[in-house]
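The values are calculated or read from the model by the stated rules, or taken from the named source; none is laboratory data. Computed from a predicted model, the values in this text were never measured in an experiment. Reconstructed Cβ throughout: ideal geometry from the backbone, glycine too, with neighbour counts over all protein chains shown.
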Amino acid sequence: MTVESRLEEVFIAYLNLAKVELGPATTKPPSQRSIQLLETRSMELRRLVYGLEIRSEFRGIVKETLSAFPQKSSVEDRKDDLDDPSAPRETEIQNLFRRSRFYTTLHNGKLIDERKALSDLRKQFRKANVHSRYLLPLIGVTFPVEAIEFPRPPGWLDQKD
């Protein structure tokens, strides 16, 4: 069995599990719950996704993705990942499923084209260039002057403050 076919097999197994876990029939009627909790739909989805991502089927996708698309690591990357070298790949796959609305689509009872979803997964890990965004808090940033004035475009609020 090839690496690509093993990846396809574990991906389809995870998709089938996600369909069952996130489908519309996942919530028990209130009379069958032992404790009544107020949970919004987004809270429910978050809980269900967390439950999916700790399962062995998700670990299988991480493992097979690492086999099919080995990580290009540098010395700096490896320093942080000595305990678990698959941790960065796990995070990448979590982000891919979450940002692609994979979970939301299934939770809303809609179908996912498994071939397209698998193709998207493969495309993401074949990319040569990856764009990263870093958001940093501006606390502690100081400027040499107390007030900074920016030039106003012509005609912008032709009034003085």
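Structure data summary
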| item | result |
| --- | --- |
| Residue 34, sole failed condition from (1) over 24 Å from residue 125 (Cα atoms); (2) at pLDDT 90 or above; (3) not aliphatic (A, V, I, L, M) | (2) |
| Every residue from region 123-148 that is out of contact with any Phe, Trp or Tyr (no Cβ under 8 Å at 6 or more places or on another chain) and either closer than 16 Å to residue 14 by Cβ or in a helix (DSSP H, G or I) (or both) | 123, 124 |
| Flag for residue 124 being modelled with pLDDT under 90 and surrounded by 13 or more Cβ atoms within 10 Å (Cβ to Cβ) | yes |
| Count of region 85-101 residues which are in contact (Cβ under 8 Å) with a residue 12 or more places away in the chain and outside any helix (DSSP H, G or I) | 3 |
| Any hit, region 93-115, residues being touching a Gly at 6+ places or on another chain (Cβ under 7 Å) and within 30 Å of residue 70 (Cα to Cα) | yes |
| Residue selected from region 37-66 under the condition of a type in the set (Ser, Thr, Tyr) and at pLDDT 90 or above, by the criterion nearest to residue 109 (Cα to Cα) | 50 |
| Condition met for residue 117 (of a type in the set (Gly, Ala, Ser) and in contact with a helix residue (DSSP H, G or I) (Cβ under 7 Å, 6 or more places away or on another chain)) | yes |
